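Inspection log for the structure reproduced underneath, given as structure tokens.
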Amino acid sequence: MSAPTVTAEAAPMSKRKTLEALSGLLLVLFVAMLSSTVVSTALPKIIGALNGSQTQYTWVVTATLLTATATTPIWGKLADLFNKKLLIQIAIVVFLVGSIAAGFAQSAGQLIAARAFQGIGVGGLQALVQVAIAAMIPPRERGRYNGYLGGVMALATVGGPLLGGLIVDTSWLGWRWCFFVGVPVAAVALFLLQVTLNLPTVRRDNVKIDYLGATLIAAGVSVLLIWISFVDDSFAWLSWQTGAMVGGSVLLLALAVWVEARAAEPVVPLHIVRERTTALAILGSLAVGMAMFGGAVFLGQYFQIGRGYSPTEAGLLTIPIMAGVLISSIVTGRMITATGKVKPYIVFGAVVLVIGFVMLGTIDHETSLVFVGLAMFIVGVGVGMTMQNLVLAVQNTVALKDIGAASASVAFFRSLGGTIGVSVLGAVLARRVTDRITGELAAAGIPASGGGGSTLNLDALPEPVRQIVRAAYGDATGHIFLISAAIAVVGIVAALLLRPVTLRSSLDLPDTGRSVAVGADAVDGAPAFDEVSVDSAGREERARR
């Protein structure tokens with residue numbers, strides 16, 4: 001059993017100090033998001049220059065998501081045990097090393113490996129920024145600051161593709177600067193955090209990190225994703241390879257659950273994950289992650305390969321989706337702070353997200369850009385209203401001492417959903433594109449080898465083949481957005497089942513055994529709200545008042 005926790009008493013920071021500390025944290029978040037968005041429009045040219053394939057294109061994205069997913073719960077657990085500020089700085093350094101290695105990559109394989117290492121740092125930043133903010137700001141006030149988070153997300157996601165496009169379109173820079181560009185930003189973030197961020201340090205004796213559970217989780221997820229990437233290409237759905245990989249993945253994850261249930265300091269505390277609010281938020285985040293990451297990562301490819309635009313133009317064309325994120329997150333954050341209610345906005349956002357993906361599911365290589373832009377804006381609104389607020393709903397239900405594990409659990413499953421989404425939709429896209437190109441080449445009397453190697457290196461293709469490839473990518477992209485819409489429906493179901501809660505105004509839950517009001521006040525004689533009693537293990541016990 002661990003020794004008692006020793007912490008400084010949690011108290012809300014002044015608004016000035018909060019904003020000062022938030023500046024460094026938001027810059028950290030910007031750096032993490034920039035690592036993905038800056039390459040989104042540049043990736044077709046990067047993979048083309050390295051003579052990579054569609055599968056490698058997908059894995060450049062998936063590798064980062066995979067390692068970020070596997071390490072997020074570890075970072076979150078460490079945040080409950082050690083100095084949060086130091087952990088954030090370590091994550092930034094890991095991220096920087098991975099970025100520099102990616103910039104010097106000489107092949108698609110080396111780039112994938114560097115991006116995988118970079119993802120370890122990204123996983124830390126994803127979890128720890130949320131944890132640090134939760135340790136500074138009460139849930140009721142956090143809605144307002146989530147608007148700032150949404151603004152940073154929008155800036156990184158809009159500015160990233162534009163910056164990446166400009167870099168690859170500028171001959172004296174080249175694509176390698178897509179990875180080097182984050183280095184000075186991260187250095188500034190390190191300095192700001194050192195000066196402005198001051199959080200209570202948790203000191204515990206006999207700390208035990210569940211390395212076995214973390215290893216089993218990472219291995220189980222990795223085997224599953226590798227199977228998704230190669231099934232129906234390198235081997236059949238019904239084959240011994242499928243049985244071995246899927247069976248092995250299920251076995252590893254089952255062992256992980258068994259280990260987590262018995263570990264003294266589990267990476268993913270099951271008593272938190274089993275709570276209704278946390279479980280539903282995890283399910284919603286899983287669906288939103290699969291839909292958003294899996295669909296949005298291919299938008300840059302659609303505009304460049306399917307529509308023939310330059311990387312810079314493709315970056316400009318993705319602005320609507322981020323405008324939706326920016327506007328909805330800021331407006332929703334302020335409304336949540338004013339009312340204390342979070343469920344209505346999550347439900348509405350989940351519905352809007354599905355509508356947006358259904359609209360994107362109808363596009364092809366000739367669809368009006370006005371329609372595509374409107375659909376992307378609607379998707380952005382849905383993302384802005386759901387993603388951060390699902391984390392907020394979970395943070396409201398747990399004690400401050402468990403905020404790291406709880407926040408990281410949601411981020412873990414969101415990243416897991418995104419990783420699976422990118423892998424599944426990338427595999428579907430690659431298969432449909434290959435079948436379409438093969439059929440069109442045969443119909444045109446062009447040998448299949450006329451593709452000239454990688455279908456992503458369009459400059460190396462003859463004009464007739466280039467047109468076939470463009471049409472194939474443009475038409476196949478709509479199909480994967482329909483799959484994203486179907487996945488996002490799960491998010492609606494999860495949102496509807498969430499309990500209506502009123503966000504607390506304190507940093508921590510009241511003392512053990514005391515009741516915390518979490519529902520809406522009685523209106524017009526309706527039954528009063530539920531109450532939550534928190535027992536010594538942090539579990540909720542509800543009773544109708």
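Quote to one decimal, in nm, the extra length available between Trp240 and Leu173 on full extension: 0.36 nm per residue of separation minus the C-alpha distance between them.
19.4 nm
Near Ile100: Cβ cut-off under 14 Å, other residues only, Lys/Arg at +1 and Asp/Glu at -1. The net charge is +2. The packing ranking, built from the mean of other Cβ atoms within 10 Å per residue, places the peptides 276-289, 432-445, 87-100 in the order 276-289, 87-100, 432-445, highest first. Looking at region 213-255, the accessible area is 51 square angstrom per residue; that uses a 1.4 Å probe and ignores ligands, DNA and RNA.
Sort the following peptides by mean Cβ neighbour count (other Cβ atoms within 10 Å, averaged over residues), highest first: 464-475, 61-72, 255-266. Mind showing how you got there, number by number?
Values: 464-475: 20.1, 61-72: 27.5, 255-266: 16.8.
Ranking the peptides 464-475, 61-72, 255-266 by packing returns 61-72, 464-475, 255-266.
Full extension of the chain segment joining Ile446 with Ser368 gains 25.1 nm, where the gain is 0.36 nm per residue of separation less the Cα-Cα distance. Neighbours of Ala314, meaning other residues whose beta-carbon lies under 15 angstrom from its beta-carbon, give a summed charge of +1 when Lys and Arg score +1 and Asp and Glu score -1.
Using a Förster radius of 30 Å, what is the FRET efficiency between Ala113 and Tyr211 based on their Cβ-Cβ separation? Nearest 0.05, please. After rounding, the FRET efficiency stands at 0.85. Sorting 411-421, 128-138 by their mean Cβ neighbour count within 10 Å, with the most densely packed peptide first, gives 411-421, 128-138. Measuring r between the beta carbons of Ser310 and Phe230 and using R0 = 25 Å, the FRET efficiency lands at 0.20. Taken along the Cα-to-beta-carbon direction at a fixed 7 Å, the label points for Arg274 and Ala254 span 2.0 nm. Extension gain for the segment Met335 to Arg16, taken as residue separation times 0.36 nm less the Cα-Cα distance, is 112.7 nm to one decimal.
The values are calculated or read from the model by the stated rules, or taken from the named source; none is laboratory data. Owing to the predicted nature of the structure, the values given are computational and were not obtained by experimental measurement. Every residue, glycine among them, receives a Cβ derived from its backbone with ideal geometry; neighbour counts consider all protein chains shown. With ligands, DNA and RNA removed, areas are computed over all heavy atoms of the protein, side chains included. Shrake-Rupley method; radii C 1.70, N 1.55, O 1.52, S 1.80 Å.
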